[in-house]
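A short write-up of the structure that comes next.
The values are calculated or read from the model by the stated rules, or taken from the named source; none is laboratory data. Everything numeric in this text was worked out from a predicted model, so none of it was measured. Neighbour counts are summed over all protein chains in view; Cβ atoms, including those assigned to glycine, are modelled from backbone coordinates with ideal geometry. The area values use the complete protein model at the heavy-atom level, side chains included, leaving out ligands, DNA and RNA. Shrake-Rupley method; radii C 1.70, N 1.55, O 1.52, S 1.80 Å.
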Amino acid sequence: MTTNGAPVNPPVNLPGARRHEGLRNFPPVEDWDHHVEYDAKAHPRKVPHTYSLIPTICFNCESSCGLLAYVDHEDLSIKKFEGNPAHPGSRGRNCAKGPATINQVHDPERILHPLRRVGERGSGQFEQVSWEEALTDIATRIRGAIVEDRRDEVMYHVGRPGEDGFVERVLQAWGVDGHNSHTNVCSSGGRSGYTHWMGYDRPSPDYANAKTILLLSSHLETGHYFNPHAQRIMEAKQNGAKIAVLDLRLSNTASHADLWIAPWPGSEGAIFLAVASYLLRTGSIDREFIRRWVNWDVYLERLHPGTPKDFDAFLARLTEDYARYTFEYAAEVAHVEVEQLEALARMVADGGTRLATHTWRSAAAGNLGGWQITRSLFFLNVLTGSVGTAGGTHPNGWDKIIAHHPLMPEANEAWSELLWPIEYPLTTNEMSTLLPHLLQEGRGRLEVYFSRVYNPLWVNPDGFTWIDVLKDESKIGLHVALTPTWSESAAFADYVLPMGHASERHDTMSFETHTSKWLAFRQPVTRVAMERRGIPYRDSRDTNPGEVWEENEFWFELSWQIDPDGSLGIRRYFESPDRPGERMTQDEYYETVFSTNVPGLPEAARAQGLSPLQYMRRYGVFEVARDLYRLDERPLSAAELEGAVPDENGVLRKPVTLESQPPLVGEAGAVGLVHEDGTRTAGWLSPSRKLELYSTTLADWGWPEHATPGYIESHVAATRIDRADQEFVLMPNFRLPTLVHTRSGNAKYLNEIANTHPLWFNTADAAALDVGTGDLVRVTTEIGHFVVRAWATEAIRPGVVGLSHHMGRWMQDGHPGSRWVMGKVDLQRSDEGVWKLRYVDTVKPFTSEDPDSERIYWDDPGVHQNLAFPVQPDPVSGMHCWHQKVRIEKAHEGDRYGDVEVDVNKSREAYRRWLAIARPGPGPDGQRRPEFLMRHVTPKRKAYRFAAAGATR
């Protein structure tokens, strides 16, 4: 067979392909251009349909599982989506979100044309405009900000998922420091905990080969990485691995565990430190790994300066320092049985170097000091030597690749105080949750604000403050919502621009699903089908529904219009390499990327008789490497060593200046480490290139008392909750594995699976309040309250209530929205700053092109709880501490389901109180932020300093 005139011979190995007695679970690759299936609805007649099976990747969560789109030869319509067996991460399997992509593509209420606001901002009234009108307006404003050196007035606020490095390249070409992520509501606590160990900010557990698996809640396993992780966890379980889960709920993952512990929120760190103490006093540690890779000498120097620099002396001191973390102490703090903790410690010790641990959001995102919970969890990996081993826990950078275009813009010198306020120099990453408060304080303004597949007023806490700011044109000059679906925030935009779903756009994606480094390719499948048939098109607007455009082409065109004559130096980064004066096409961009920066792909493609781009269009993925272990021990190459000189700590450094640009993670010029035995290896990305038991960064930037793994009492610790006054801890940061924020709201399959939104309530607590399942209760927070239905269950620990964040969708009457999932609300604000939201209509059947819209039987839109949460930024990580201290009582007279009331004056008071516990920079040498911490758009080193002085390190 051929692909675009090039033969495919022989087919590559498909990790997800399976056979049994002559049956196979996927059509062979050689049939993917001409696959015949019979129409099931025509039975008993045999009515054949011929399809092209074109790979892409799911757009509904981060794990980027592979999909095959079935494109009908007759009319080029997409019939369905199934898994891609070539994908190493998902191996042809998908959770419900993958096949539900077909709902999103064919959603009768999706946004199909560019829209511009008419009337006041927030009126929800829009008119259709041309792409050219929208681009001209946006480009003119951005060009003005650049020319007038207002480079911090352009901001791109991103949700998930986007191609790593793509928009960062665009923003760097513009010379703006405008990349804003959602990390502070997602993973800052987890990132900080890992970062201060190893520089890398995410874990990558080798579940399939583990002997013991320890999960701090199951959020990631039931949320982002449900499919690829669940596969491998169950494989390990079948091979005899033991699973321990710490979770306040009896989640699906906890139900599969050999040991389920439901601790008091925020006490998890004390539990892990008690286990660490057990490992130390029983000698269940990997001495040689610790000796070689932990900065134990710094630990002694800083904490025990009179102790000889001797490893055995260090171990003795370390054991003494953690002796206070007894099982009894941890059990008292966590309100669990001592026997459970003893069992956990034995499981961890038994795992040895095959201990796979994981946390991401959960406790790390819920609690003040949650980053120390993560740091304490990884302490167990360090002590057992299960770091980078088979069955252990790896840094994400070993199992991930970012494929950059070789023509990269020069680093800029801009630094946005709206993104990186001086109060939070160690934040991971941008302080996005504080943006409306910082704008209200007058710290800056935005000329153009892009919300990209992101719904800030719904996802973030304190959503009514977001509304106040989004409506204020003096603070945000132009709000551009880039989104494939309607959201609450889009209603407050000036432009709503339709972007493509999983089958309508280009992206490369790579994530740490297991011990494999793979790059997957999302692509517009109808466009690919048209190209194979020789059908001409201009760009993806000619191949997608309506005028839906893919983002990459949008960014290229917008950049071109910002710099039409090339005088700003922007245009050249988006110019065709072969057609001077013309814009680069997506084929040219990705052919260059795949040919130059994906190791092994050109050779694999050549063996197939394909170009690298043809290979990726054919298979949708390429596995760069697998089974990569102990890369910290990788010998440095001659090129890496050339010009590198060890500093006083053995870190190999090349000369840098203040004009140098740091990498995404790590320090500029640092390449590796010289060990005591003279070997020179890559090491880690921390400042010392070792695993930092003692973090000099934390110590030198104002947090010496937390420089080692320790226990920080949470803002919702049991000592701070008055149970006699009906106070509880509300856990709002979990979700079901079927719905992801707002991206999946227009998927009817998913809404049919999950369409109720109860407050999880321990049966004993419910009985004490005389509350039964289905009863309305009022939940009062620091700044307001909401009304929700209770669900009495044994599946949550006493003293804690839980409300998933997968529902609570709304639209105002007369505003556009998604009727599959949104209820209609009346939204009122008093002159005193008190907001009230009340449902006036539920989800109900409606008439549309899709007959299923008239078959809707669910009516619950859920409760938008986040509106009633104040911002609670952790002073170190910047993480919004999601857990809430609440008071619960029976609903008051006149309360209705879904009511939310908030006083934004109280929101402001809460913001100021949390801001007061921060410890502002600058840090050593007048730095705004440590250079080694991750930053999506890294400026020159001089931008990190308030007063750049000197020329070299």
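Here are a few things to note about the model shown:
- Residue count for region 674-696 under the criterion of being surrounded by fewer than 23 Cβ atoms within 10 Å (Cβ to Cβ) and not in a loop (DSSP other than H, G, I, E, B): the result is 4.
- Only listed residue being over 29 Å from L115 (Cβ atoms), in a loop (DSSP other than H, G, I, E, B) and without any contact (Cβ under 8 Å) to a residue 40 or more places away in the chain, chosen from P845, P798: P798
- Residues of region 385-403 that are more than 20 Å from the chain's Cα centre (by Cα), open to solvent by 10 Å² or more (accessible area, probe 1.4 Å) and not aliphatic (A, V, I, L, M): T389 alone.
- Pick from region 937-949, criterion in contact with a Leu (Cβ under 7 Å, 6 or more places away or on another chain) and open to solvent by 30 Å² or more (accessible area, probe 1.4 Å), ranking: modelled with the lowest pLDDT: A948
- Single unsatisfied condition, D725 versus (1) open to solvent by 20 Å² or more (accessible area, probe 1.4 Å); (2) within 26 Å of the chain's Cα centre (by Cα): (2)
- Of all residues in region 184-198, none satisfies being open to solvent by 10 Å² or more (accessible area, probe 1.4 Å) and more than 30 Å from V480 (Cα to Cα).
- Selected residue (criterion: nearest to T183 (Cα to Cα)) from residues of region 454-474 that are open to solvent by 10 Å² or more (accessible area, probe 1.4 Å) and not in a helix (DSSP H, G or I): Y454
- Residues that are of a type in the set (G, A, S), open to solvent by 10 Å² or more (accessible area, probe 1.4 Å) and in contact with a strand residue (DSSP E or B) (Cβ under 7 Å, 6 or more places away or on another chain) number at least 2 in none of the strands (runs of 3 or more DSSP E) confined to region 475-549.
- In the set (1) in contact with a helix residue (DSSP H, G or I) (Cβ under 7 Å, 6 or more places away or on another chain); (2) more than 20 Å from Y537 (Cβ to Cβ), the condition left unmet by S64 is number (1).
- Residue match in region 60-67 (condition: within 19 Å of K79 (Cα to Cα) and at pLDDT below 90): yes
- Odd one out for K824, checked against (1) at positive phi; (2) open to solvent by 10 Å² or more (accessible area, probe 1.4 Å): (1)
- Given (1) free of Cβ contacts under 8 Å to residues at least 60 places away in the same chain; (2) surrounded by 14 or more Cβ atoms within 10 Å (Cβ to Cβ), index of the condition M934 fails: (1)
- Counting only residues that are closer than 29 Å to Q172 by Cα and either open to solvent by less than 30 Å² (accessible area, probe 1.4 Å) or in contact with a Lys or Arg (Cβ under 8 Å, 6 or more places away or on another chain) (or both), region 643-664 holds 13 of them.
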